[in-house]
Amino acid sequence: MAKLIDPEPSNQPAATDPSPASALIQESEWLLQTVVENLSDGVVITDLQDQVLYVNSRLAKLVGCSAAEMVGKPAHDFFHEIEGWRDFQDAAEPQPFYGWKEGQLRRKDGRKFWAEVNVTQLEDAAGSATATLITVKDITERKWLEEYLRLLESVVVNANEIVMISQTEEAVADPLSLRIIYVNDAFSRTTGYSSGEAIGKSALVLLGEKTSMAEVNRIRTALRSYQPVRAEVVLYRKNGTHFWVDVNMVPIRNEQGQVTHFVSVMREVTERKIVEEQLRRNAFHDSLTGLPNRLLFMERLTQTVERAHEDESYQFALLFLDLDRFKVINDSLGHMLGDQLLVAIARRLEGCLKQEDMVARLGGDEFTILLENIQQDSDAEKIAERVQQALSAPFNLSGHEVFTSASIGITLSSTEFDRPEDLLRGADIAMYRAKAQGKACHEVFDTDMHTHVVALMQLENDLRKAVERQEFELYYQPIIELANGRITGFEALVRWQHPEQGTISPAKFVPIAEETGLVIPLGQWVLREACRQLKQWQDQFASEPPLSVSVNLSSRQFSQPYLIDQVRKILAETGVDARCLKLEITESAIMENTKFAMDMLLQLKAMGIQLSVDDFGTGYSSLGYLYRFPMDVLKIDQSFISRVDVDGEKLELVRTIITLAWNLGMDVVAEGVETMKQLTQLKALKCEYAQGFLFSEPVPQRDAEKLIVQSQPFLHLSQTLPTSSRLAEDA
Ligand code: C2E
Ligand code: MG
Ligand code: MG
């Protein structure tokens, strides 16, 4: 039991009692006092009335008062701010007690510090309370640390990032199998494992089928050598679904430098991964059928070609497949069913092939198949037959039974091509040959076709240069008003003066220009030249109404968005009145671009330009569009006119077409009038305008001028008018 310590300690033991026992006591008192003075804790002793009897120097220092200032004062003065202090005092009577509290103590200068206060009742030998011992420990630093840790913890607990801490033991073979000792809320939210369920388990519970083992092993290797590691992996939730995380795993070392824990901080990146995957899929796959697209197909074809280069015995084949009559199905059943059909076809094509082969959708109704590692050329034809067989069974599309077939072109690795584009082009050409053979069949690309393609490629090359070298010239064919034989205007028809081959017909080169895009600069040149010429003629040969010029627009030209601006610019440049310009567009150009054809036509119309339907009767023969689109002139194709004098049925058709055009407020031009008899019939039908060899072939500018000068060069033709009774006999 502690004895009361002299409240006024001195540095030397008192030496008044000379007896050995008393010397011993004195000695130990002195020792005790020295110990107490040097304690790191503050010490206060009070009597049972709470009067301070003694304070050690540590305490005096803590509270900033001298011992003399404190002794004789109630301890309550110093400790009352400690929460629950009164409990000690109340408990002090009547029973002895001890206990501790934490709280803040105020220094003399008003500043506070955190303290842990221990209170013990001292008793004498009989067990009666004699005094109270209060020790005071400065815990400010610990408190601060606790606060700091609490803050840190709340950051971790509430973080959006997933935090998982696992504990390392001895060197383990698999650091991912270490026991988890902590997970935060985000971990539980994301994985579905509560912290209770996760703690004690290992990170291995999060791995699954789709987790890349290569990536997992990379993490393991890094952790085994205590390196931090960052990775993107697929993890699995408790409910079996998976998610992507970007994980950062860091080894944590203790003061001795030993790794004791691994902290994993993960951010869920599933959404980003899905988008990335979609982007990748989009770039290489067709969104409708999910098949590889042209890009992926060509990449694969390039690899295959390279492989065949290295290994001469390696054979492959390329199939180009185009559905027969797909447009009809699409137009009659609608795009939804058309799409369904394409998807169903994609699945059947996949069903015909081996794992190593590739089927792709190039676009529209065109598919390509790459047959890898075939044994002989005939294998490709066998597979083409198998594909045709597979497509011959009817498709059931939302209750509609639909039949289809495909034309297939084949190029074999044995052909002379070695560029992937040429192989594809070869198969495309062979496919067209198959279509011409009567569809639903296949053709193998051969040397004949090869020669043809080479010639075509040559022409394409020449065409490219022709635009720069200005080898084009415009010819003009007059359009005649039948009532008076007057020239109302001209159709501008382009001619190519090939340096070696002479004049080449537009029927031959316009389709190539179309395919290569060269038709855009060419068409622009034609339009500018025709307008320039017209303006010159109008200035030179005034007439009422003024002469007009008709310019042909191809499908590709018509679908380019800049067309309107170009036309506007050329009209402004040449000073031609828009009402004197007629643009000729075929039915198919309109139908291929129905989506924005209307918009384009309305804009042209709004400028005052007149719009003609060229070659009417050769395209879709769907009359619906005539009602919908704002066309001014209908040009009946020469295939009707050429037989109008010998074929009664054709004559009736032409009559119907003319009536239809009138009902729609359109003018009619008969194209390709070659004989008097044809002209007679047309006049009887009251067809207003005509053009054709009977009047004049398309002629160069100078010859056209000669015709204009004559004012009514075709009066003699228009005057040989039949009476309506003669017409009836003819009909
Ligand atoms: P198209 O617009 O229908 O032009 C009429 C075609 O019929 C011209 O052929 C013309 O020479 C020919 N033709 C005129 N009268 C008769 C006749 O009485 N009998 C016969 N058998 N044929 C006649 P061309 O000049 O060879 O042009 C063929 C096609 O090429 C044109 O058909 C047009 O679609 C296209 N084309 C011509 N020039 C251009 C152009 O500058 N741009 C575009 N995009 N296409 C053009
Ligand atoms: Mg034309
Ligand atoms: Mg025509």
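The values are calculated or read from the model by the stated rules, or taken from the named source; none is laboratory data. Everything numeric here is computed off the predicted structure, so don't read it as measured data. Because the Cβ atoms are built from the backbone with ideal geometry, glycine has one as well, and the counts that use them run over all protein chains shown.
Give the number of residues within region 307-322 that are surrounded by 13 or more Cβ atoms within 10 Å (Cβ to Cβ), over 20 Å from D365 (Cβ atoms) and either out of contact with any Lys or Arg (no Cβ under 7 Å at 6 or more places or on another chain) or not aromatic (F, W, Y) (or both). Number satisfying all stated conditions: 5. Counting residues in region 508-525 that are closer than 20 Å to K635 by Cα and at pLDDT below 90 gives zero.
So, I165, is that one in a strand (DSSP E or B), over 30 Å from H80 (Cα atoms) and in contact with a helix residue (DSSP H, G or I) (Cβ under 6 Å, 6 or more places away or on another chain) or not? No: the conditions fail for I165. Taking the residues in region 627-646 that are under 17 Å from G665 (Cβ atoms) and in contact with a Lys or Arg (Cβ under 7 Å, 6 or more places away or on another chain) as candidates, determine which candidate is nearest to ligand 1 (Cβ to nearest atom). Selected residue: V633. For region 487-510, filtering for residues that are more than 9 Å from ligand 1 (Cβ to nearest atom) and surrounded by fewer than 17 Cβ atoms within 10 Å (Cβ to Cβ) leaves 7. Figure legend. Inter-residue proximity from region 28-56: first residues more than 16 Å from P74 (Cα to Cα) and of a type in the set (K, R), second residues assigned to a strand (DSSP E or B) and modelled with pLDDT of 90 or more, beta-carbon distance below 6 Å, spacing 6+ or different chains. No pairs are indicated.
Considering region 660-674 alone, what residues qualify as being buried (at least 22 other Cβ atoms within 10 Å of the Cβ) and part of a loop (DSSP other than H, G, I, E, B)? Listed by number, the residues that qualify are E671, V673. Would you say L288 is in a loop (DSSP other than H, G, I, E, B) and out of contact with any Gly (no Cβ under 9 Å at 6 or more places or on another chain)? Against the criterion (in a loop (DSSP other than H, G, I, E, B) and out of contact with any Gly (no Cβ under 9 Å at 6 or more places or on another chain)), L288 qualifies.
Here's the yes/no breakdown for (1) touching a Gly at 6+ places or on another chain (Cβ under 7 Å); (2) under 22 Å from D109 (Cα atoms); (3) crowded, with 17+ Cβ neighbours inside 10 Å; (4) not aromatic (F, W, Y):
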residue	(1), (2), (3), (4)
N38	no, no, no, yes
G42	no, yes, yes, yes
Q49	no, no, no, yes
Y54	no, yes, yes, no
L59	yes, yes, yes, yes
E69	no, yes, no, yes
H80	no, yes, no, yes
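Restricting attention to region 647-693, the residues being hydrophobic (A, V, I, L, M, F, W, C), touching a residue at least 12 places away in the same chain (Cβ under 8 Å) and closer than 19 Å to Q610 by Cα number 10.
Within region 266-301, which residues are polar (S, T, N, Q) and either modelled with pLDDT of 95 or more or loosely packed, with under 13 Cβ neighbours inside 10 Å (or both)?
Within region 266-301, Q278, N282, S287 qualify.
Taken over region 168-181, the criterion of being more than 13 Å from M249 (Cβ to Cβ), assigned to a loop (DSSP other than H, G, I, E, B) and among the hydrophobic types (A, V, I, L, M, F, W, C) is satisfied by A171, V172, A173.
Name the residues in region 433-450 that are free of Cβ contacts under 8 Å to residues at least 60 places away in the same chain and either under 38 Å from the mean Cα position of the chain (by Cα) or more than 25 Å from V519 (Cβ to Cβ) (or both), would you? Within region 433-450, R433, A434, Q437, G438, C441, E443, F445, D446, T447, D448, H450 meet the criteria. Among the residues making up region 580-599, a single one is over 25 Å from A507 (Cα atoms) and either over 30 Å from the mean Cα position of the chain (by Cα) or surrounded by 21 or more Cβ atoms within 10 Å (Cβ to Cβ) (or both): C580.
Out of all the residues in region 544-563, which are more than 16 Å from ligand 2 (Cβ to nearest atom), within 25 Å of I479 (Cβ to Cβ) and in contact with a helix residue (DSSP H, G or I) (Cβ under 7 Å, 6 or more places away or on another chain)? Residues satisfying the conditions are P546, L547, L563. Checked against the criterion of being polar (S, T, N, Q) and under 30 Å from H452 (Cβ atoms), region 525-545 contains not a single residue that satisfies it. When restricted to residues that are among the aromatic types (F, W, Y), in a strand (DSSP E or B) and either under 45 Å from the mean Cα position of the chain (by Cα) or away from ligand 3 (no atom under 16 Å from the Cβ) (or both), region 466-510 contains 2. The lone criterion from (1) within 16 Å of ligand 1 (Cβ to nearest atom); (2) closer than 23 Å to V551 by Cα; (3) touching an Asp or Glu at 6+ places or on another chain (Cβ under 8 Å) left unmet by M600 is number (3). Could you look through region 552-590, keep only residues that are among the small types (G, A, S) and closer than 17 Å to Q610 by Cβ, and pick out the one that is nearest to ligand 3 (Cβ to nearest atom)? Per the criteria, the residue is A589.
With respect to being over 58 Å from the mean Cα position of the chain (by Cα), within 19 Å of N484 (Cβ to Cβ), of a type in the set (V, I, T) and modelled with pLDDT of 85 or more, T720 falls outside the description. Is it fair to say C531 is in contact with a Ser or Thr (Cβ under 6 Å, 6 or more places away or on another chain), away from ligand 1 (no atom under 14 Å from the Cβ) and touching a residue at least 24 places away in the same chain (Cβ under 8 Å)? So C531 fails the test. Considering region 686-710, the residues that are surrounded by fewer than 21 Cβ atoms within 10 Å (Cβ to Cβ) and closer than 18 Å to L651 by Cα include one that is farthest from the chain's Cα centre (by Cα), namely K686. The residues of region 554-572 that are buried (at least 17 other Cβ atoms within 10 Å of the Cβ) and at pLDDT 95 or above, listed by number, are V567, I570, L571.
Contact map, region 383-396: first residue without any contact (Cβ under 8 Å) to a residue 40 or more places away in the chain, second residue surrounded by 11 or more Cβ atoms within 10 Å (Cβ to Cβ) and of a type in the set (F, W, Y), Cβ cut-off under 7 Å, separation 6 or more or different chains; pairs are P394/F403. For L571, state whether it is of a type outside the set (G, A, S) and either assigned to a strand (DSSP E or B) or over 38 Å from the mean Cα position of the chain (by Cα) (or both). For L571, the condition - of a type outside the set (G, A, S) and either assigned to a strand (DSSP E or B) or over 38 Å from the mean Cα position of the chain (by Cα) (or both) - is met.
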